[in-house]
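Novice: Got a structure here, written out as structure tokens. Questions coming.
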Amino acid sequence: MDLARVCLRKFSSQGRKKLVILGTGWAGYSLLKHVDKRLYDAVVVSPRNHFLFTPLLASTTVGTLEFRSIIEPIRNHGFRNEHHFHLSRAIGLDTHKRSITCQSELDPTKQYEISYDRLAIAVGALSNTFNIPGVEEHAFFLKEIADAQKIRNRILVNIELATQPGMSMKERKRLLHLVVVGGGPTGVEFSAEFYDFLKQDIERLYPEEKNMVQVTLIEANEILSSFDVKLRRYAERKIKQRHQMNLLSGSVIEVTENSIKLKNGKEIPCGLVVWSTGIAPRVLTKSVDLEKDQRGQVCTFTYVCVVHYLIVTSLTAG
């Protein structure tokens, strides 16, 4: 029998199967939209009640786009029953009982279980801090709407602080120095968005501060390493052409409240650090008793079914 049919279709004619989808990212959202509702009752568990179009997330940090324009409410996609969406996070999986333990996002003291006939794990991933001191406490990530809102607020606060009386030149320059760690698509895109914000808005609204603003992009290896060489070289040329944007090769060993420290001993004062250095498994992914690869991700075969569990599907959603 075709393995895709084993994973995605019901075996019995006695009513619809219960498909539980964990996550509302790219994979979970796509599955929810395209699953045959005649065969399955789709139940979604996610701490996020919307789908987020992540390629445009960087644009919201500087006001190029508004937050509401890049999200789609999950409930717009027609659940058979309003109770089939749970604003909760999955914290446990029992493959023998075929049940998920959930924790309410609205009331963390409330936990409950949901049974399933088929399960799709699409919880995505976290930003990888590599256990570097100070990252969790002082750096900003860019994976959710809430992250973008925090970055946007910090940018505005720092600019306004730099205009206030009694602020030394050294402190003004620190506040207006943005450091982005990680030269992947998110880091490069955010750096470019902020630079456009500098040229289109800061120079017009803050003429005295405009020349103090600096953007530093730090990458240990090559920027956009997963892309074609020509594209990488083009991006490097564009960065070097911008006199207030710097590309720095180095490894960060610590993030403090007012600076970052590099492996070569250099310390760079800054007012905002955005951390975008790749992904790591979420807590649920780490905790489930399923076969995993060297990166800690759940192993699947051709049709994204989990190895040894045909009724469990693991979908990659960043």
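Novice: Taking only DSSP H segments of four or more residues, each worth -39500 (n - 2.57), what value at 222 nm results for the chain once the sum is divided by all its residues, to the nearest 500 deg cm²/dmol?
Specialist: -7000 deg cm²/dmol
Novice: Give me the accessible area per residue for the stretch 109-220, probe 1.4 Å, as a whole number in Å².
Specialist: Per-residue value: 48 Å².
Novice: Shifting gears a bit: Using the Cα centre of the stretch 90-185 as the reference point, and only Cβ charges (+1 on K/R, -1 on D/E), how large is the resulting charge dipole? Debye, rounded to the nearest 20.
Specialist: For this selection, approximately 420 debye.
Novice: Right, next: When DSSP beta bridges are limited to those with both residues in the chain, what percentage is antiparallel, rounded to the nearest 5?
Specialist: Roughly 45 percent of the DSSP beta bridges within the chain come out antiparallel.
Novice: Now for a separate question. Just to verify a number: what accessible area does Met169 come out at with the full protein assembly present, 1.4 Å probe, Å² rounded to tens?
Specialist: Only protein atoms counted, so the area is about 100 Å².
Novice: In what order, largest first, do His243, His77 sit by accessible area if the probe radius is 1.4 Å?
Specialist: So, going from the largest accessible area down, we get His243, His77.
Novice: Starting from the Cα of Lys37, draw a straight line to each of the aspartates and glutamates and keep only those under 17 Å, dropping any in the same chain fewer than 8 residues away.
Specialist: Partners within reach: Glu82, Asp117.
Novice: Then there is this: Skipping prolines and chain starts, which residues have an amide H placed within reach, meaning under 5 Å, of the one on Ile260, given they are 5 or more residues away or on another chain?
Specialist: Ile268, Cys270
Novice: Shifting gears a bit: Nearest-5 percent of antiparallel DSSP beta bridges in the stretch 49-142?
Specialist: So the antiparallel bridges amount to about 100 percent of the total.
Novice: A further question follows. Among all helices in the chain defined by DSSP H, which have a length of 20 Å or more along the axis from Cα atoms plus a Kyte-Doolittle mean of at least -1.0?
Specialist: 145-162
Novice: ³J(HN,Hα) across the stretch 291-301 via Karplus (A = 6.51, B = -1.76, C = 1.60, θ = phi - 60°), whole Hz, x for Gly/Pro?
Specialist: For the stretch 291-301, the Karplus curve yields 5, 10, 8, 5, 8, x, 8, 5, 7, 10, 10 Hz.
Novice: May I pose another question? Can you classify the stretch 165-281 as rounded, prolate or oblate using the Cα gyration tensor, where a ≥ b ≥ c are the square roots of its eigenvalues, rounded means a/c under 1.5, and otherwise it's prolate if a/b beats b/c and oblate if not?
Specialist: Oblate shape, in that a/c is at least 1.5 and b/c is the bigger or equal ratio.
Novice: Heavy-atom accessible area of Asp107 with all protein chains present, probe 1.4 Å, nearest 10 Å²?
Specialist: Surface accessible to solvent at Asp107 totals approximately 70 Å².
Novice: Taking only the alpha-carbon positions of the stretch 172-237 and ignoring solvent, what does the Debye formula give for the base-10 log of I(q)/I(0) at q = 0.12, 0.19, 0.22, 0.26 Å⁻¹?
Specialist: Once normalised to I(0) and log-transformed, intensities are -0.35, -0.75, -0.90, -1.08.
Novice: Say we join alpha carbon atoms closer than 10 Å with springs in a Gaussian network model of the chain; which of Ala280, Ala27, Ala146 then has the biggest fluctuation?
Specialist: With Cα springs under 10 Å in the chain, the top fluctuation among Ala280, Ala27, Ala146 is at Ala146.
Novice: Something else: Classify the stretch 105-242: rounded, prolate or oblate, from the alpha-carbon gyration tensor (a ≥ b ≥ c, eigenvalue square roots; a/c under 1.5 rounded; otherwise prolate if a/b is larger than b/c)?
Specialist: Oblate, since a/c reaches 1.5 and b/c is not below a/b.
Novice: Hey, another quick one. List, in the order given, every pair from Lys240/Lys263; Lys170/Lys263; Lys170/Lys230 whose Cα-Cα distance in the structure shown is over 28 Å.
Specialist: Listed pairs above 28 Å: Lys170/Lys230.
Novice: Right, next: Would you pull out the residues with amide H under 5 Å of Leu93's amide H, same chain only if 5 or more places away, H placed 1.01 Å from N?
Specialist: Thr101
Novice: Please build a GNM for the chain, connecting alpha carbons under 10 Å apart, and tell me which residue among Thr302, Thr101, Thr277 fluctuates the most.
Specialist: Thr302
Novice: What do you get for trypsin sites (Lys or Arg not before Pro) in the stretch 99-193 restricted to DSSP loop and a cutoff of at most 15 other Cβ within 10 Å of the site's Cβ?
Specialist: Counting only loop positions with at most 15 other Cβ atoms within 10 Å, the trypsin sites (Lys or Arg not before Pro) in the stretch 99-193 are Lys110.
Novice: Whats the longest run of the chain with zero GluC sites (Glu not before Pro) that are DSSP loop and have at most 16 other Cβ atoms within 10 Å?
Specialist: 1-65
Novice: Using modelled amide H (1.01 Å from N, peptide plane; none on Pro or chain starts), what sits under 5 Å from the amide H of His50, excluding residues fewer than 5 places away?
Specialist: Hits under the 5 Å cutoff: Ile74.
Novice: HN-Hα J couplings of the stretch 95-108 from phi, Karplus 6.51/-1.76/1.60, θ = phi - 60°, integer Hz, Gly and Pro as x?
Specialist: Rounded to whole hertz, the list is 6, 6, 7, 6, 9, 10, 8, 10, 10, 4, 6, 8, 9, x.
Novice: Taking the Cα atoms of the chain, report the difference between the largest and smallest coordinate on each principal axis, in whole Å and largest first.
Specialist: So the extents along the principal axes, rounded to whole Å, are 73, 37, 36.
Novice: What pairs from Lys17/Lys97; Lys150/Lys286; Lys17/Lys286 go past 22 Å between their alpha carbons?
Specialist: Lys150/Lys286; Lys17/Lys286
The values are calculated or read from the model by the stated rules, or taken from the named source; none is laboratory data. Keep in mind that what you see is a predicted model, and the values were worked out from it rather than measured. All Cβ positions, even for glycine, are placed from backbone atoms using ideal geometry, and neighbour counts span all protein chains on display. Just the protein is used for accessible areas: all its heavy atoms, side chains included, with ligands, DNA and RNA removed. Shrake-Rupley method; radii C 1.70, N 1.55, O 1.52, S 1.80 Å.
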